[in-house]
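Engineer: Structure incoming, see below.
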Amino acid sequence: MNQRLSAPLSIVVGITGGIAAFKAVSVVRAFVREGHNVQVVATDAALRFVGRPTLEAMSRNVVHSDLYEGVAEVRHVAIGQAADLIVIAPATANTIAKLAAGIADDLLGNTVLASTAPVVVAPAMHTEMWLNPATQANVATLRARGVTIVGPDSGQLTGDDSGPGRLSEPDAIVAAALAAVSLTAKRPRDLAGKRVLVTAGGTREAIDPVRFIGNRSSGRQGVAIALAAAARGADVTLIAANLEIAAPATVTVVPVTSAFELQDAAQAAAPDADVIVMAAAVADYRPRLVADAKIKKEQQGDELTIELVKNPDILKSLTEVRTPGQIIIGFGAETETDPDALLELARAKAKRKGTDFLVVNRVSWSEGFATEDNEVVIVTDTGDIVMKAAGSKASVANSILDLVG
Ligand code: CTP
């Protein structure tokens with residue numbers, strides 16, 4: 001992949017079938033004006049909305065659409081292999097579903113699968129289709145794989161309706177796409193040869209075969225760290241506690257449910273790890289007794305008391321036996337609103353846990369969990385602030401990994 005930003009990039013602009021395809025012309029033109037080489041890969045449906053001659057004039061290249069064209073040059077993979085960046089605008093719900101499933105029944109699907117370049121997807125569709133759980137799940141899968149999703153904007157749609165679903169403005173798509181390349185280019189494979197162990201998600205402590213005590217951690221930040229570490233060349237093991245999102249395909253996943261299972265998996269993997277990132281939200285307490293059968297209201301009456309006992313502190317157990325040179329990063333989610341008091345909590349936690357770095361973020365009913373963005377402060381074992389990072393969980397993940405790269 002081309003790592004030199006000053007040099008022209010080889011950019012694939014994928015166009016799929018929607019009215020917004022006409023805006024793709026401006027995206028193509030902006031990239032060409034900035035000196036990049038643009039190859040348009042259009043689906044058949046896209047060419048019903050925007051003419052091939054327009055796209056060829058703007059891109060100054062032949063438009064590719066047929067899987068069986070240029071077979072002698074193995075074009076179905078060649079375009080993807082040569083790309084520094086793939087931008088799909090507009091991306092229909094159908095294309096997003098196909099990308100999430102890795103389907104390659106057209107030239108665009110083949111191109112994406114054959115590429116290691118950053119992929120930027122700008123969805124455009126009717127609000128109902130955008131909000132449909134299938135589309136939302138597919139978008140979440142793409143995000144978890146490191147795909148940058150731009151938009152959609154909210155506004156007037158093709159018919160009389162309005163709402164989220166409008167293709168983002170071409171300038172915004174171009175800016176996000178170039179930022180995605182620079183993020184990748186600035187961070188080479190600096191973790192190659194390193195073994196990174198990441199825990200993510202939230203543990204569940206069984207009450208009976210049906211119920212558990214859990215927490216609101218979705219696993220997004222931990223998964224983003226695992227994904228970014230793998231992209232930077234690390235051999236990554238992800239201990240996944242009840243993730244709400246798909247685990248990346250680029251890492252070894254060890255699924256766990258409870259704190260005890262997480263402890264067993266972490267202690268088994270830790271001795272081989274160069275870096276340990278404990279992003280999982282581990283339940284501090286578990287029910288003393290787990291009922292063998294479902295607890296029934298008739299037998300309990302109006303009140304039910306569940307006695308809880310403390311779980312082991314897994315992070316502390318790992319720092320106490322850290323191998324020479326091993327770097328251990330802990331997390332702290334706090335509801336404290338005063339920044340100074342939050343920092344003091346972080347410092348105390350770093351000391352108590354024996355971490356090399358402690359990443360602290362504020363959480364509340366509406367912050368921190370199941371969101372796409374995060375804002376963190378990172379303190380060292382001596383309590384010094386080494387970094388403040390804010391932005392998407394992917395960019396925060398990369399900032400955290402900069403500490404060990
Ligand atoms: N952690 C752990 N084992 C536990 C609890 C937490 O390994 N039983 C880890 C988490 O993965 C996280 C860090 O410790 O990296 C901080 O978790 P947190 O729950 O914030 O810390 P606590 O020790 O529980 O502190 P407090 O209850 O005072 O917030």
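The values are calculated or read from the model by the stated rules, or taken from the named source; none is laboratory data. Please read all numbers here as calculations on a predicted model, not as lab measurements. So basically every Cβ, Gly included, is an ideal-geometry build from the backbone, and we count neighbours across all protein chains shown. Surface accessibility is based on the protein's heavy atoms, side chains included, excluding ligands, DNA and RNA. Shrake-Rupley method; radii C 1.70, N 1.55, O 1.52, S 1.80 Å.
Engineer: Looking only at the stretch 365-393, count every residue that is of a type in the set (S, T, N, Q) and either modelled with pLDDT of 95 or more or over 17 Å from residue 279 (Cα atoms) (or both) and tell me the total.
Structural biologist: Looking only at that region, the number is 3.
Engineer: Related question: How do the strands (runs of 3 or more DSSP E) wholly within the stretch 89-196 filter down when requiring 3 or more residues that are in contact with a Leu (Cβ under 8 Å, 6 or more places away or on another chain): which remain?
Structural biologist: 119-123, 162-166
Engineer: Let me ask another. Among the residues of the stretch 47-63, what is the count of those that are among the hydroxyl-bearing types (Ser, Thr, Tyr) and closer than 12 Å to residue 21 by Cα?
Structural biologist: 1
Engineer: Looking at the stretch 319-328, which of the residues that are within 23 Å of residue 399 (Cα to Cα) and among the aliphatic types (A, V, I, L, M) is least open to solvent (accessible area, probe 1.4 Å)?
Structural biologist: Applying the filter and picking the extreme gives 328.
Engineer: Any idea which of 82, 97, 21 is small (Gly, Ala, Ser) and open to solvent by less than 20 Å² (accessible area, probe 1.4 Å)?
Structural biologist: Going through 82, 97, 21 in turn, the sole match is 21.
Engineer: Another question about this same structure. Select from the stretch 265-284 the residues that are within 13 Å of the ligand (Cβ to nearest atom) and assigned to a helix (DSSP H, G or I) and list them in ascending order.
Structural biologist: Matches in the stretch 265-284: 265, 266, 267, 270.
Engineer: Follow-up. Which number in (1) in contact with a strand residue (DSSP E or B) (Cβ under 9 Å, 6 or more places away or on another chain); (2) at pLDDT 95 or above; (3) not hydroxyl-bearing (Ser, Thr, Tyr) marks the one condition that residue 294 misses?
Structural biologist: The failed condition is (1).
Engineer: Taking the stretch 329-352 as the search range and keeping residues that are over 16 Å from residue 384 (Cβ atoms) and within 9 Å of the ligand (Cβ to nearest atom), which one is surrounded by the most Cβ atoms within 10 Å (Cβ to Cβ)?
Structural biologist: Once the filter is applied, the top-ranked residue is 331.
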